Amino acid sequence: MTGATIWLTGLPSAGKTTLAHELAGRLRGDGHRVEVLDGDEIREFLSAGLGFTREDRHTNVQRIGFVAELLASNGVKALVPVIAPYADSREAVRGRHQSEGTPYLEVHVATPVEVCSERDVKGLYAKQAAGEISGLTGVDDPYEAPASPDLRIESHTQTVQESAAALHALLTERGLA
């Protein structure tokens, strides 16, 4: 089976990781080899020591992109629920995949910041509002939404299963599912 990188970008608490795990289960059920490259885990094990400056965020995204491409070029569906706030960083990852001939899809999990701050899965929005942290993507640090992603999912208007089905349909359409 063909590998591919499916990068899910969006704000913190947009639903990227939840969607990635839902899709992963579905793909595994169809016999695909799948890995979810979770941003928090990558930061702990592969990008320890990096902060949240623009340069460090870029480096983190490039490292994740390298690992994703390596997996995808070896027949694995690499699902990457990582914010990747800067368009140029995401474009560099796409370019690397294109130069290697590896399928790459960018999915924008387009959940409004108001909904994300209500979900606040990790308590980041509350900490930012209380002045305990700064540099929260989409609040006091930039998030450059994709201008033309392969798919835009409005996770706040549908169930996780519906979102995963829409993404699975795109993979099927592209010959990747």
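The values are calculated or read from the model by the stated rules, or taken from the named source; none is laboratory data. Please read these numbers as outputs of a predicted model, since none were measured by experiment. Cβ: placed from backbone, ideal geometry, glycine included. Neighbour counts: every protein chain shown. Surface accessibility is based on the protein's heavy atoms, side chains included, excluding ligands, DNA and RNA. Shrake-Rupley method; radii C 1.70, N 1.55, O 1.52, S 1.80 Å.
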Discussion item. Can you list residues from other chains, or at least 5 along the same chain, whose modelled amide H is less than 5 Å from the amide H of residue 5?
Written reply: 78, 104, 105
Discussion item. Between residue 174 and residue 127, what is the label-point separation in nm under the 7 Å Cα-to-beta-carbon projection?
Written reply: 3.2
Practice prompt. Rank these by accessible area, largest first, 1.4 Å probe: 156, 21, 97.
Written response: 21, 156, 97
Worksheet entry | Residue-by-residue Karplus 3J(HN,Hα) for segment 3-9, coefficients 6.51, -1.76, 1.60, Hz, glycine and proline x | x, 6, 9, 10, 9, 9, 9
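Between beta-carbons, use under 12 Å as the cut-off and find the net charge around residue 156, counting Lys and Arg +1, Asp and Glu -1.
Details: positive: 119; negative: 114, 118, 154, 162.
After counting each charged neighbour, the total is -3.
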Worksheet item: Ignoring ligands, DNA and RNA, what accessible area per residue does segment 4-173 give at 1.4 Å, in Å²?
Response: 46
Fill in: Fully extended contour minus Cα-Cα distance, from residue 115 to residue 162, at 0.36 nm per residue
15.1 nm
Worksheet item: Could you give the dipole magnitude of the chain about its Cα centre, charging the beta-carbon of Lys and Arg +1 and that of Asp and Glu -1, in debye to the nearest 20?
Response: 400
Worksheet item: HN-Hα J couplings of segment 87-102 from phi, Karplus 6.51/-1.76/1.60, θ = phi - 60°, integer Hz, Gly and Pro as x?
Response: 4, 5, 5, 5, 5, 5, 5, 4, x, 4, 4, 4, 5, 9, x, 9
Worksheet item: In a shell of Cβ-Cβ distance under 11 Å around residue 38, excluding residue 38 itself, what net charge do Lys and Arg (+1) and Asp and Glu (-1) give?
Response: -2
Fill in: Under-5 Å amide H pairs with residue 141, H placed in peptide plane, nonlocal only
136
Fill in: Acute angle (nearest 10 degrees) that the helix 54-72 long axis makes with the longest principal axis of the chain, alpha-carbon atoms
20
Worksheet item: Using alpha-carbon positions, what is the distance between the centroids of segment 1-63 and segment 123-177, in Å?
Response: 12
Worksheet item: For segment 1-138, what size does the Cα cloud have along each of its three principal axes, sorted from largest down, in whole Å?
Response: 48, 32, 25
Discussion item. Could you work out how much longer the chain between residue 91 and residue 55 gets when fully extended? Use 0.36 nm per residue separation minus the Cα distance between them, nm to one decimal.
Written reply: 11.5 nm
Practice prompt. Sort 86, 143 by accessible area with a 1.4 Å probe, largest first.
Written response: 143, 86
Worksheet item: With the chain treated as a Gaussian network of Cα nodes joined by springs under 10 Å, which of 153, 42, 133 yields the largest mean-square fluctuation?
Response: 133
Fill in: At R0 = 22 Å, FRET efficiency that the Cβ-Cβ distance of residue 141 and residue 41 yields, to 0.05
0.55
